[in-house]
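Here, each number is a calculation from the coordinates, and none is a lab measurement. Here the structure is a predicted model, which means the values were calculated and not measured.
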Amino acid sequence: MAAWGRILTGSVPMLSIEITRECPLSCPGCYAYGDTHLSGGVKLSELSDSRGDALVEGVIDLVRKHKPLHVSLVGGEPMIRHRELSQILPRLSEMGVFSLVVTSGVIPVPPEWMSLPRVRVAISVDGLPEHHDIRRKPATYERILKNIEGREVNIHWVITRPMMERPGYLEEYVAFWSERPETNRIWVSVYTPQIGEQSAEMLAAEDRVELARQLPSLAVRYPKLLFNEGLAKAFLRPPENPGDCVFAKMSANYSADLESRVEPCVFGGTPDCSQCGCAASVGMHWVRAYPVAAGLKVGHFIGASVKIGTLMNRLKSRPARPPRWTPGATPPNGEDALVQIQP
């Protein structure tokens, strides 16, 4: 209900901010540094980013502007700006905003963050060491385990096709991270390609079917794994396009200059929605079909809220209407930094 209220007032329930363009990793398939991640032919690595007080106040200003329920702080590698985050996170917590820092684990997580209400850290661990350490060096297993020792984190796992080739791989991964005392929850995503992409990372249709078969039963045996039959069905039938994606409609995404927008969702460019594997997108796509009462589903309320929110934005003196709310609308260019979007 709180999320719908945000849309009704023209705000967005979820906000994602790439707080830096810097990253010491060179992961294959990384969408953030792709040629089409941002519009206008500009790349993340070419943007001017902020640091120090300018970054801290810039992030807080965006949160005040959009009034989200949840903020994801990403990159680049957001822990490059851990000093600024140590100022940003307490302020967001005091504002009643839920915050998530998504990191590779290449830099130690400050232990003092663990006591902050409404703050969570997610570590991206893409497979077992045989795959992860090659893909994400220098953020190797050895380094991650050292940098999260004594903390509590979520583990975010992006599954790629090579991980589906060995029987027992999925359970081996889930068992390892479930046994770690640092692990709070394990999230699962599937590699999401751009339209027309052909790469070794992409899952085949039969791979998705196998995931939908295995993961729900693994979640029963390993409760830290967040996956159920509903999510399994959603992974097999992701949103058809950005206009069909609840997550795209309900979130706003900013890049490292705190002005450029990432559209139509956090992936940017032209994501192949028919092969979407984003945990947030697929999860919300599943929730949309959840029945509420009298033949109504969650999706009906979301759709009505988006329409009213769009009207509210039109009535503002400086409209901030998210183009993703209107299928076929022209994406914003770099000069229009006040177009409002989603969660």
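Please list, or write none, the aspartates and glutamates whose alpha carbon is within less than 14 Å of the alpha carbon of Lys146, excluding same-chain residues fewer than 8 places away.
In chain and number order, the partners are Glu182.
Over segment 1-127, how many percent of alpha carbon pairs lie in each 5 Å bin up to the one with the longest distance?
2, 10, 20, 21, 20, 15, 9, 3, 0
Per 10 Å bin, what is the whole-percent P(r) computed from every C-alpha pair distance within segment 111-217?
13, 44, 31, 12, 1
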